[in-house]
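Engineer: Before I ask anything, here is the structure I am working with.
The values are calculated or read from the model by the stated rules, or taken from the named source; none is laboratory data. Predicted model, so just to flag it, every value in this text is computed and none were measured. Please note: Cβ atoms are built from the backbone with ideal geometry, for glycine as well, and neighbour counts cover all protein chains shown.
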Amino acid sequence: MGDLQALLSERIVILDGAMGTVLQERGMLPGQCPELFGVEHQEVLTEIHRQYLEAGADIVQANTFGGNRYKLAEYGLAHRLQEINAEAIAIARRAVGQRGLVAASIGPSGKLLQPMGEVTFDDLYAAFKEQMLACVRAGADLISIETMTDIGEMRAAIIAARENTRLPIIAHMSYEEGGRTMMGTDPLTATIIMEALQPLAIGANCSGGARELLPIIQQMARHGSTYLSVEPNAGLPRLIDGRTVFPDTPEEMAEYALRLKEAGANLIGGCCGTSPAHIQAMARALKGMTPSVRSAPGYTALASRSRHVLIGAEQPLAFIGERINPTARKKMAQDIKDGQMQVVVEEARKQQISGAPVLDVNMGVPGIDEVLAMQKAITMIQTALDIPIAIDSTNPEVIEAGLKSFVGRPLINSTTGEDKKLELILPLARKYGAAVLGLCIGDNGIPDRAEERLQVARKICRRAQEYGLRKQDILIDTLVKTASAQQEQVMETIRALRMIKEELGIATVLGVSNVSHGLPAREILNATYLAMAWGAGLDLPIMNPFEDRMMDAYRAAGVLLNRDLHSSQYIIAYQDYKADPKTTQTLRHAVCTSCNIPLLLTEGSISAPVSAANEPSPTQTSEEDTIPAKIKKAVLLGDKENIADLIEQALHNVKLSPLEIVNQAMIPGIEAAGELYDKKRYFLPQLMMAAETMKTAFTILRPLLTKEGNSHVGVIVLATVEGDIHDIGKNIVAVLLENYGFKVIDLGKDVPASVILDRAVQENADIIGLSALMTTTMPRMLEVIEGVRNRGLLSRVIVGGAVLNQEYADKIGADAYSEDARAAVQTAQRLMGIFKK
Ligand code: B1M
């Protein structure tokens, strides 16, 4: 088998199909570890690989998908990691010999990155490195990363592969219905982040089948230039007579293979539900076909987990908000020093609301551990907001801490043209897929003349490319001089900018407000200079989004440079504008009315959040000032740090009862988060942080809600059903029931029916209380009700949860349904009245 890259330039390369579902068909039982099953049934695995090879696959993927330390630990097999991975590669190699390439299949760890989960970037990197090295030593030809749902985890996997192996890497994300990954990343954002790490190919697998992956591949092909790989499921699985059935036939998938190839896919195979027959049909259809030609735009782009900002002449104007910088800002410096980051996060939030598409993050407080501060600031900012950032430091350790903590593609701000600096910073940009800002500072400082600054820019570009960076990874700052001190130099900066754009064609940055130091009415100079620089081709100013004149210039330039399509953003901002400058405060807030989250007014997430004035209207302010409103907002924004304080204030200053706090502030907060999730303005990470905040608040309130010393009026075994991890509502129900004298045995969430039933027997439960929040988990309640009947238990069953209603409760034969926690108490009391002891 030849070199993969050479093969890809000649024809469509065929990948194999499913492994897990095929192993199940061939005897693997539910609950068995697939990787161990393969090692223990080598003949089965060999046969599967051979069949895929015969079917036409150029690449077979070894049975190593779940071979990382976390997944194997779930089966108590972490100590056999080396052996299991090495065996799987060896089996694949023996099966295909030199007639096919053997890929190490790398699946997700099953763990979430901090702060949503417990693992760090370094943990994931170490786990992937360990598994990949085991596969490399056993002779794998390439690495195929599959079914990743978090782009943060994908980053760690690609970086681990790049740093520790020389093998070609194929990187596949998995998408949900609606075209985003479970953690909210859209295909273009994923393309930007993955391409910057420069694997051989990127793409998508699994998901809802070829039908759903086609538009995703089309989008990736439109915007990216890397080879594209796709492995669809055989359609969306359905449950028929208790069996999972994948609907797409080999013929249907062959048709889709052609459309995927037309869309730009270079490697095509299958995922769950596909078989050698599917691969054979696809390989036949694609035989002799050459790859479709693509012309990628090569954007300069920055991204967070689910939002991207494209930079360049064809894109909406963008800028970097400069306010997270403690220089000469005592309160912020103290906040950073104390490790609180509340002022930092608040400043980040206000800048985003004001329209900043990217935020600069500078932690330069003397005498602190800047590495720790950068780590904490970035973690907290991205917990609260979804926005690309610029890591502002010249210290490589601080920069690296930021690069590890941030999920996305950040900008490193900055390096200079000095050799020592370039040697330290450029490898970091290359390793972590970041863009890098180069300042036109040479060995002798900032050159006076534009021609010399161009020379520094040339050097930065050359060196960056030597380190493997692409043109779109480099931005240049021609450095603004102060008009009060060097008036003759002010336009030299703009002349250099023009020359750099013309000769090098790369993106440019300016810290605009430097121009006005020492002069009165600085905003006037800043805004005028900004407009001039924009006219000369500036791409990304660093500026203060709270300066009205700057924001006016920004919005106006958008219209005049034809970068604000149909002047839509401008119109939204100024439709109520009156000539009197004071009335500019009536600028529209393009923010969600219930939560102040900035809204995007253009399609998808391609554009920056719309600009809005920063002063809230008077009515908004007074409402937002109430403690319950602040609690609601804190839950909604996932502000775990402040919630405890707010709950204390609600209890002691406002004198709200614990239950009032839950009902009037916390539940509306989590429901508002749910609404934003519905509208696809929130994604899983934000929802999880909202839930975490709710949990923190509840930990304080729980002891206050529970009255002690009540005699037990009945025993209730309570649980959220199997497969469902929602427990906020169930916990409230538990506390209220305890409050009314019930002995509550709370079994927690995701509890199998058998466990609930066993415990009900053991405790002689009067009532079994079941909670379910999803349509998919509601049917689990029936299992418990049937168990009660079959075992002849006397326990009565109460069901509840947002998706339930009386009709469904009747249908499954529950004794009662309760809409909320209060109703649950009344229902339980009613049922106990029937069963007087
Ligand atoms: Co998820 N989630 N979630 N979620 N989540 C919902 C439920 C959803 C409606 C959001 C949406 O899509 N609009 C949706 C379900 C859709 C459906 O099936 N119809 C959903 C989904 C799809 C998911 C995931 C699959 C997302 C994903 O991974 N792509 C995933 C599921 C994982 C799993 O369970 N296997 C998931 C995950 C999560 C988080 C972890 C992020 C978090 C849960 C954290 C936790 O609970 N520890 C979460 C949250 C917070 C929600 C929403 C936003 C809020 C739920 C909540 O706590 N409400 C929710 C959307 C929404 O409801 N607006 C959503 C507040 C709570 C007080 O209300 O639980 O209804 P509730 O309880 C009330 C009453 O219903 C009643 O009393 C309580 C108090 O008055 N009650 C009972 C409840 N149980 C009772 C039992 C009784 C009696 C009354 O008798 C025994």
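Engineer: What's the number of the condition LYS632 fails, among (1) modelled with pLDDT of 90 or more; (2) near the ligand (Cβ under 9 Å from one of its atoms); (3) of a type in the set (D, E, K, R)?
Structural biologist: Failing condition for LYS632: (2).
Engineer: Among the residues of the range 761-772, write down those that are out of contact with any helix residue (DSSP H, G or I) (no Cβ under 7 Å at 6 or more places or on another chain) and either surrounded by 20 or more Cβ atoms within 10 Å (Cβ to Cβ) or among the acidic types (Asp, Glu) (or both).
Structural biologist: Across the range 761-772, the qualifying residues are GLU763, ALA765.
Engineer: Those residues that are of a type in the set (Asp, Glu) and not in a helix (DSSP H, G or I), I need them from the range 541-562; list them, please.
Structural biologist: Listed by number, the list holds a single entry, GLU547.
Engineer: Testing LEU804 on (1) at pLDDT below 95; (2) surrounded by 24 or more Cβ atoms within 10 Å (Cβ to Cβ); (3) not hydroxyl-bearing (Ser, Thr, Tyr), one condition comes back false. Which one is that?
Structural biologist: With (1) at pLDDT below 95; (2) surrounded by 24 or more Cβ atoms within 10 Å (Cβ to Cβ); (3) not hydroxyl-bearing (Ser, Thr, Tyr) applied to LEU804, the lone miss is (2).
Conditions tested, residue by residue: (1) in contact with a helix residue (DSSP H, G or I) (Cβ under 6 Å, 6 or more places away or on another chain); (2) on the phi < 0 side of the Ramachandran plot; (3) surrounded by fewer than 22 Cβ atoms within 10 Å (Cβ to Cβ); (4) at pLDDT 95 or above.
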{"position": "ILE725", "(1), (2), (3), (4)": "no, yes, yes, no"}
{"position": "ILE728", "(1), (2), (3), (4)": "yes, yes, yes, no"}
{"position": "ILE756", "(1), (2), (3), (4)": "yes, yes, no, yes"}
{"position": "ARG759", "(1), (2), (3), (4)": "no, yes, yes, yes"}
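Engineer: Here's a check for you: in the range 176-191, which residue that is among the hydroxyl-bearing types (Ser, Thr, Tyr) and in contact with a strand residue (DSSP E or B) (Cβ under 6 Å, 6 or more places away or on another chain) is nearest to the ligand (Cβ to nearest atom)?
Structural biologist: Ranking the candidates gives THR181 first.
Engineer: Let me ask another. Tell me the residue from THR21, THR64 that is surrounded by 15 or more Cβ atoms within 10 Å (Cβ to Cβ), closer than 17 Å to THR244 by Cα and in contact with a strand residue (DSSP E or B) (Cβ under 9 Å, 6 or more places away or on another chain), please.
Structural biologist: Result: THR21 is the single residue among THR21, THR64 that is surrounded by 15 or more Cβ atoms within 10 Å (Cβ to Cβ), closer than 17 Å to THR244 by Cα and in contact with a strand residue (DSSP E or B) (Cβ under 9 Å, 6 or more places away or on another chain).
Conditions tested, residue by residue: (1) among the hydrophobic types (A, V, I, L, M, F, W, C); (2) free of Cβ contacts under 8 Å to residues at least 60 places away in the same chain; (3) under 19 Å from ILE143 (Cβ atoms); (4) surrounded by fewer than 20 Cβ atoms within 10 Å (Cβ to Cβ).
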residue	(1), (2), (3), (4)
ALA6	yes, yes, yes, yes
GLY31	no, yes, no, yes
GLU43	no, yes, no, yes
THR46	no, yes, no, yes
TYR52	no, no, yes, no
LEU77	yes, yes, no, yes
ALA92	yes, yes, yes, no
GLY100	no, no, yes, no
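Engineer: Scan (1) assigned to a loop (DSSP other than H, G, I, E, B); (2) crowded, with 22+ Cβ neighbours inside 10 Å; (3) of a type outside the set (Lys, Arg) for the single condition LEU236 breaks and write down its number.
Structural biologist: (2)
Engineer: Now, a different point. Working carefully through the options ALA765, ALA753, ALA802, ALA828, find the one that is under 30 Å from LEU687 (Cα atoms) and within 14 Å of the ligand (Cβ to nearest atom).
Structural biologist: ALA802
Engineer: Name the residues in the range 790-837 that are more than 37 Å from the chain's Cα centre (by Cα), of a type in the set (Ser, Thr, Tyr) and more than 18 Å from LEU736 (Cβ to Cβ), would you?
Structural biologist: The answer is SER795, and nothing else.
Engineer: Of the conditions (1) more than 8 Å from the ligand (Cβ to nearest atom); (2) over 21 Å from GLN826 (Cα atoms); (3) in a helix (DSSP H, G or I), MET694 fails just one. Which one is it?
Structural biologist: Looking at each condition in turn, MET694 falls short on (1).
Engineer: Report yes if VAL797 is more than 8 Å from the ligand (Cβ to nearest atom), within 19 Å of ALA760 (Cα to Cα), at pLDDT 95 or above and surrounded by 13 or more Cβ atoms within 10 Å (Cβ to Cβ), otherwise no.
Structural biologist: In short, yes.
Engineer: Report every pair of residues separated by at least 6 positions or lying on different chains whose Cβ atoms are under 7 Å apart, first residue within the range 153-169 and more than 14 Å from ILE202 (Cα to Cα), second acidic (Asp, Glu).
Structural biologist: Between residues of the range 153-169 that are more than 14 Å from ILE202 (Cα to Cα) and residues that are acidic (Asp, Glu), the close pairs are LEU167/ASP141.
Engineer: Tell me, yes or no, whether the range 408-429 has at least one residue that is under 22 Å from the mean Cα position of the chain (by Cα) and among the acidic types (Asp, Glu).
Structural biologist: Scanning the range 408-429, I find no residue that is under 22 Å from the mean Cα position of the chain (by Cα) and among the acidic types (Asp, Glu), so the answer is no.
Engineer: Do we have LYS811 as in contact with a His (Cβ under 7 Å, 6 or more places away or on another chain), away from the ligand (no atom under 11 Å from the Cβ) and on the phi < 0 side of the Ramachandran plot here?
Structural biologist: So LYS811 does not fit the description; no.
Engineer: Return the only residue of LEU770, LEU701 being in contact with a Pro (Cβ under 7 Å, 6 or more places away or on another chain) and under 28 Å from LEU112 (Cα atoms).
Structural biologist: Exactly one of LEU770, LEU701 is in contact with a Pro (Cβ under 7 Å, 6 or more places away or on another chain) and under 28 Å from LEU112 (Cα atoms), namely LEU701.
Engineer: Here is a list: ALA533, ALA496. Which entry is assigned to a helix (DSSP H, G or I), in contact (Cβ under 8 Å) with a residue 24 or more places away in the chain and closer than 23 Å to LEU302 by Cα?
Structural biologist: The unique qualifying residue is ALA533.
Residues are listed down the side, and each one gets a yes or a no for (1) within 28 Å of PRO752 (Cα to Cα); (2) away from the ligand (no atom under 16 Å from the Cβ); (3) at pLDDT below 90:
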position: LEU636; (1), (2), (3): no, no, no
position: LEU656; (1), (2), (3): no, yes, no
position: VAL715; (1), (2), (3): yes, no, no
position: THR720; (1), (2), (3): yes, no, no
